[in-house]
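Below is one structure; the comments refer to it alone.
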Amino acid sequence: MAFHLITSSVFSQVQVKNVSRLCHAKSIVTVNGRFPGPTIYVREGDRVVVNVTNHAQYNMSIHWHGVKQYRNGWADGPAYITQCPIQTGSSYTYDFNVTGQRGTLWWHAHILWLRATVYGAIVIMPKQGTPFPFPQPHREAEIILGEWWNVDVEEFVKKANNLGLAPNTSDAHTINGKPGPLFPCSEKHTFVMEVEQGKTYLLRIINAALNDELFFAIAGHNLTVVEVDAVYTKPFTTQAILIAPGQTTNVLVQANQASGRYFMATRPFMDAPVPIDKKEATGIFQYIGIPNTVLPSLPQLPASNDTSFALSYGKKLKSLNTPNFPANVPLKVDRKLFYTIGFGKESCPTCLNGTRFVASLNNISFEMPQVGLLQAHYFNLKGVFKTDFPDRPQTPFNYTGAPLTANLGTSTGTRLSKIAFNSTVELVLQDTNLLTVETHPFHLHGYNFFVVGTGIGNFDPAKDPAKYNLVDPVERNTVGVPTGGWTAIRFRADNPGVWFMHCHLELHTGWGLKTAFVVEDGPGSDQSVLPVPKDLPPC
């Protein structure tokens, strides 16, 4: 694929390249031959034009994760939601404005499991002359955390789906595409960041992993969190951060320790009985003038199942809520939604055990259409989707009680929620113990939202809202639902169109853990969806 930009105009080529990691060589899909792909640098207020040409053997679409795409879902990118994919040998131009946002976001493939290698950073600088609300760093660096499989990802996922099994866990995690020297054949596949004694650095950290929440730390150095998902936060200092797939976190780090070499490291967090790749990927935080023969020290990362760290870390994240950066939390709610997250098994005569996994929201497993939902909405095409997604589960039960293996009669369909323009929405996402409890990072396209509450166990509508933070809750585009718990978010539906909402674990999204909102057009033509682009890919 290729990228072109205006003010930032980018040309991108989606193309296959041979890459070697962990003593294995294979062909991967890349953008402009790079893994990770190129960083797009823009400034708040820029118009961005990216021409994507697909030379790979797979159909392709690109999502600009966290960019609000106001009235312009045509540029959002998820395949069969806002567009049909770009076919092999074809091109499509993503054209959008970056308005009211600054910070770190990212882009990635949004079809199949291709975001295993097709991803990169988006850095949005503040408007000219506007300073950061924190000390100006000496230098910046992007740190993109990912996963690596020795086998062809698309082939093994297809095989696992055909057999009704979960795909294998990754063979390694990566920092900027490199697993680090603790893995075989990886000394040259190690990210190194050189720093100068006494200087402060801004790290723009992105979790591009397909299936793992990740801890990240630098040995001997504290991290000061100043932004998440391109929204400034009240600064706080921590030895490690926790970052879910799809999320971004900006931290300041001072090079104030004895000159030396220090490992930066990442490994997964998982507090449910689910297999994960627990090995640590590493990069090196290296002071200028220190020879490579000096052995780096490792950071003390939290234990892989450290639930208390995860919960306490989440509570520290708060919006700045200043006159320049207010937290406009909806205090009055027009529409209350309650979605349960469930797993199950359905009959599959061709599968290995006669069944396969499904995932559902409110006991409905999402069926991907073959026509872009935004196109169907825009052109009023009948029979593509229904707007009858239930506001709450049809059958309430003790969601986080004893494990349930009973079949609740999960249904399948392309059912969406219709939301009135400019209405305020509260959505509670409730984990359940259907088969097993597990953490779930959810991403809402087209919007930021405020995380007003979270808790363990079943959400209590009589008691829990009294504990909400409606003053300075963190604002983001991707949020984790804790294992065996719930998360409540609020947003104003002021962006008309069709907007995807899904778990950002690729495994669970593939099993049907997704839905979409149809936000009606506003009362004037200036608040309706922009006209369809002339080069929109055909279905």
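Identify, from the list His108, His55, the residue that is more than 22 Å from the chain's Cα centre (by Cα), modelled with pLDDT of 95 or more and either open to solvent by less than 10 Å² (accessible area, probe 1.4 Å) or over 30 Å from Gly129 (Cα atoms) (or both).
One residue alone meets the criteria, His55.
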Between Glu194, Glu187, which is in a loop (DSSP other than H, G, I, E, B), farther than 20 Å from Pro268 by Cα and among the acidic types (Asp, Glu)? Glu187
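Yes/no matrix, rows are residues, columns are (1) more than 27 Å from Asn422 (Cβ to Cβ); (2) surrounded by fewer than 19 Cβ atoms within 10 Å (Cβ to Cβ):
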{"site": "Phe325", "(1), (2)": "no, yes"}
{"site": "Asn328", "(1), (2)": "no, yes"}
{"site": "Ala359", "(1), (2)": "yes, no"}
{"site": "Leu374", "(1), (2)": "no, no"}
Any idea how many residues of the range 78-101 are surrounded by fewer than 22 Cβ atoms within 10 Å (Cβ to Cβ), assigned to a loop (DSSP other than H, G, I, E, B) and in contact with an Asp or Glu (Cβ under 8 Å, 6 or more places away or on another chain)? 3
Would you check which residues across the range 58-77 are surrounded by fewer than 24 Cβ atoms within 10 Å (Cβ to Cβ) and in a helix (DSSP H, G or I) and list them? Ala75
Going through the range 379-393 one residue at a time, which ones are part of a loop (DSSP other than H, G, I, E, B) and within 29 Å of the chain's Cα centre (by Cα)? Val384, Phe385, Thr387, Asp388, Phe389, Pro390, Asp391, Arg392, Pro393
Between residues in the range 91-111 that are within 18 Å of Asn495 (Cβ to Cβ) and residues that are surrounded by fewer than 22 Cβ atoms within 10 Å (Cβ to Cβ) and among the aromatic types (Phe, Trp, Tyr), which pairs lie under 9 Å by C-beta distance while being six or more apart or on different chains? Phe96/Tyr70; Asn97/Tyr70; Thr99/Tyr70; Gly100/Tyr70
Starting from the range 119-144, take each residue that is closer than 26 Å to Thr322 by Cβ and list its partners that are open to solvent by 50 Å² or more (accessible area, probe 1.4 Å) and aromatic (Phe, Trp, Tyr), counting only C-beta distances under 6 angstrom and pairs at least six apart or across chains. Val123/Tyr41
Scan the range 492-504 and give yes if some residue there is modelled with pLDDT of 95 or more, over 30 Å from Tyr92 (Cα atoms) and either surrounded by fewer than 22 Cβ atoms within 10 Å (Cβ to Cβ) or more than 25 Å from the chain's Cα centre (by Cα) (or both), otherwise no. yes
Cβ pairs under 6 Å, 6+ apart, first in the range 330-350 and touching a residue at least 60 places away in the same chain (Cβ under 8 Å), second among the small types (Gly, Ala, Ser): Asp334/Ser423; Arg335/Ser423; Gly342/Ser360; Phe343/Ala359; Cys348/Gly164
Restricting attention to the range 461-520, which residues are in a strand (DSSP E or B) and among the acidic types (Asp, Glu)? Glu475
Number of positions in the range 114-157 that are out of contact with any strand residue (DSSP E or B) (no Cβ under 9 Å at 6 or more places or on another chain) and open to solvent by less than 20 Å² (accessible area, probe 1.4 Å): 1
Please work out which residue is modelled with the lowest pLDDT, limiting yourself to the range 111-148 and to residues that are part of a loop (DSSP other than H, G, I, E, B) and aliphatic (A, V, I, L, M). Leu112
Kindly list, by first and then second residue, each pair from a residue in the range 450-461 that is closer than 15 Å to Thr432 by Cβ to a residue that is open to solvent by 30 Å² or more (accessible area, probe 1.4 Å), limited to pairs with Cβ atoms under 6 Å and residues at least 6 apart or on different chains. Gly457/Thr400; Asn458/Thr400
Among (1) modelled with pLDDT of 95 or more; (2) within 22 Å of Glu142 (Cα to Cα); (3) crowded, with 20+ Cβ neighbours inside 10 Å, where does Val19 come up short? (3)
Would you confirm whether or not the range 364-378 contains a residue that is farther than 28 Å from Ala160 by Cβ, in contact (Cβ under 8 Å) with a residue 60 or more places away in the chain and under 22 Å from the mean Cα position of the chain (by Cα)? yes
In the range 461-491, the residues that are within 16 Å of the chain's Cα centre (by Cα), open to solvent by less than 10 Å² (accessible area, probe 1.4 Å) and not aliphatic (A, V, I, L, M): Asn477, Thr478
Looking at the structure I just gave you, is Lys345 of a type in the set (D, E, K, R), at pLDDT below 90 and farther than 19 Å from Glu426 by Cα? yes
The conditions are (1) closer than 30 Å to Gly344 by Cα; (2) in contact (Cβ under 8 Å) with a residue 12 or more places away in the chain; (3) more than 22 Å from the chain's Cα centre (by Cα), and Phe183 fails exactly one of them. Which is it? (1)
Restricting attention to the range 226-248, report how many residues are crowded, with 24+ Cβ neighbours inside 10 Å and either over 19 Å from the mean Cα position of the chain (by Cα) or on the phi > 0 side of the Ramachandran plot (or both). 3
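The values are calculated or read from the model by the stated rules, or taken from the named source; none is laboratory data. Keep in mind that this is a model prediction, so the values were computed, not measured. Because the Cβ atoms are built from the backbone with ideal geometry, glycine has one as well, and the counts that use them run over all protein chains shown. Keep in mind that these areas ignore ligands, DNA and RNA; they rest on the heavy atoms of the full protein, side chains included. Shrake-Rupley method; radii C 1.70, N 1.55, O 1.52, S 1.80 Å.
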